[in-house]
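The values are calculated or read from the model by the stated rules, or taken from the named source; none is laboratory data. The structure presented is a predicted model; accordingly, all values stated were derived computationally and were not measured. Heads up, the Cβs are rebuilt from the backbone with ideal geometry, glycines too, and the neighbour counts pull from every protein chain shown.
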Amino acid sequence: MISETETVEVPDGHFERCRWLTEQAKKHGNGILDIGCSDGFMFRDLTLSVVEADLIYAFPEQYKGKIKFVKTDALHLPFKDNSFKCTILGDMLEHVEDPVRVLREVSRVSKHAYISVPNEWEWDETKRPFQHSQHIRFYTLYTLISDLERAFDPSCNITVHKARGGGWSFFCVECNKV
């Protein structure tokens, strides 16, 4: 079942979506997978057990050897079923050709998923919506719900939040297997 919540007005939607993802993960303690981690900015300074996964290693030199990094494509995660308590997808679905397949992999490897995607339709013009050269899709609430419905088992509890502020807008999703 998918439910929506009201839009949360915040001072900075860009920052808020990162804070929200981090707070959700911290509820689960260790056993976190961060897919599309980039330079790992959300978790690299926390004392949680996080596996960082991306196609490239982009961490600053001082983190080499201090983080658990797996170079992988999100379409083919090299982990056993239910390996993680939760998976974080912070602004990465808009970069992939097959987001439904990625979400199915996430559902396979973890019990909980927390996702953010930009809602560029509501961005201030100064944020340059629809101009990021690596975004290959632009989510609306309806296209996001469609991908979630096709990827997750109908018994999952899914809630879509929207954080908007400072000229930014993001959808923040929590998926919990029953």
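Worth pointing out:
- If you go through segment 91-143 and keep only what is part of a helix (DSSP H, G or I), closer than 21 Å to THR7 by Cα and in contact with a Lys or Arg (Cβ under 7 Å, 6 or more places away or on another chain), you end up with GLU94, GLU122.
- Residue list for segment 155-178, restricted to those being over 15 Å from ARG19 (Cα atoms) and part of a strand (DSSP E or B): ASN157, ILE158, THR159, VAL160, CYS175, ASN176
- Members of segment 15-44 found to be in contact with a Leu (Cβ under 8 Å, 6 or more places away or on another chain), assigned to a loop (DSSP other than H, G, I, E, B) and among the small types (Gly, Ala, Ser), listed by number: GLY29, GLY36
- When the criteria are applied in full, ASP34 fails the requirement of being loosely packed, with under 14 Cβ neighbours inside 10 Å and either modelled with pLDDT of 95 or more or among the basic types (Lys, Arg) (or both).
- Search result, residues across segment 88-127 that are out of contact with any Asp or Glu (no Cβ under 9 Å at 6 or more places or on another chain) and over 24 Å from ASN176 (Cβ atoms): HIS95, GLU97, TRP121, GLU122, TRP123, ASP124, GLU125, THR126
- Residues in segment 49-69 that are of a type in the set (A, V, I, L, M, F, W, C) and closer than 19 Å to ARG104 by Cα were compared, and the one that is surrounded by the most Cβ atoms within 10 Å (Cβ to Cβ) is ALA53.
- Restricting the first member to segment 72-100 and to residues that are touching a residue at least 40 places away in the same chain (Cβ under 8 Å) and under 19 Å from GLU149 (Cβ atoms), and the second to residues that are among the polar types (S, T, N, Q) and in a loop (DSSP other than H, G, I, E, B), the beta-carbon pairs closer than 9 Å and six or more apart or on different chains are GLU94/GLN134.
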